[in-house]
Structure formats: C-alpha cells, structure tokens
Amino acid sequence: MSTYVSKEISAELDAARIASLKKSSRLRVEMGDNTYRILKLWKDGFAVEAETTPRLRGLVDIFDGANHLYQCLIVADEEDGGQMRYEFKRSTVAADKAPLDFYRAPDAPIALLGKDD
C-alpha cells in the first residue's frame, strides 16, 4: 500500500484543517488597526493562516474575544501546512490596572470618608 498523497489532496486537507481551526478559535492578534484570527496559541508563539494574513513583525496584542491577554514582540518562524508560525521574543501579560510602585496591605481602606459637620 502506498502512502503517497497528491498535491491537490494535500492542499484540500490543509484547507479543511485551517477552516476547522478558524471556526473553533476565539483568539485574535491585532497589529495597529488590523485584526487576524489566531489558529493555535502555545507558550512560545502562535500560528495564523498564511494565505490571508500578511507577514507580521514587531509589537502585537493578543485577545481572547474582548479580553486583552498579552502584548507581545514577535518574529516570523516558518510556514507549514498553510499556517504561518510566529515566536515570541517578549510576551507580557496585559493588566486592567496600572501596577503599584508601593506595597498595599490587603486590609487597607479603599477610600477615606470626610466628616459631616
């Protein structure tokens, strides 16, 4: 039995795999005003569709729906099976508030109330 698969069948299988990943993924990468769907995300990088996404480079933001997850500095890695893979040079978890430059006690008051005269 032969394990040879023609180029046409291989291309159709890749297209079907990418379509399946696009339907199931809520992740997206934003670069400037442009948004692209992330097919896979792992600890050191992510993959997007190679055919519809231009080459990305530099600082990008990664979102899960409306939640901002990471701000990343990326470089292109390789194209494989219709997917373009990118690696993180730096990945910083996004926070919804500014970091404190001092220690805040867990039982500290939230606000001060004034006296009523």
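I'd like to check something: does region 10-32 contain any residue that is on the phi > 0 side of the Ramachandran plot, at pLDDT 90 or above and surrounded by fewer than 14 Cβ atoms within 10 Å (Cβ to Cβ)? Within region 10-32, not a single residue is on the phi > 0 side of the Ramachandran plot, at pLDDT 90 or above and surrounded by fewer than 14 Cβ atoms within 10 Å (Cβ to Cβ).
Kindly provide the set of residues from region 42-75 that are of a type in the set (Gly, Ala, Ser), exposed (fewer than 13 other Cβ atoms within 10 Å of the Cβ) and either in contact with a strand residue (DSSP E or B) (Cβ under 6 Å, 6 or more places away or on another chain) or in a strand (DSSP E or B) (or both), ordered by number. 58, the sole residue that qualifies.
For residue 95, are the conditions met, namely being in a loop (DSSP other than H, G, I, E, B) and either at positive phi or not charged (D, E, K, R) (or both)? Taking the combined requirement at face value, the residue satisfies it.
Residue check: residue 92 meets all listed conditions (1) more than 30 Å from residue 16 (Cβ to Cβ); (2) free of Cβ contacts under 8 Å to residues at least 12 places away in the same chain but one, namely (2). Criterion applied to 35, 3 was being exposed (fewer than 13 other Cβ atoms within 10 Å of the Cβ) and in a loop (DSSP other than H, G, I, E, B), and the one residue passing it is 3.
The values are calculated or read from the model by the stated rules, or taken from the named source; none is laboratory data. Treat the numbers as computed from the prediction; the structure is a model and nothing was measured. Cβ atoms come from the backbone with ideal geometry, glycine included; neighbour counts cover every protein chain shown.
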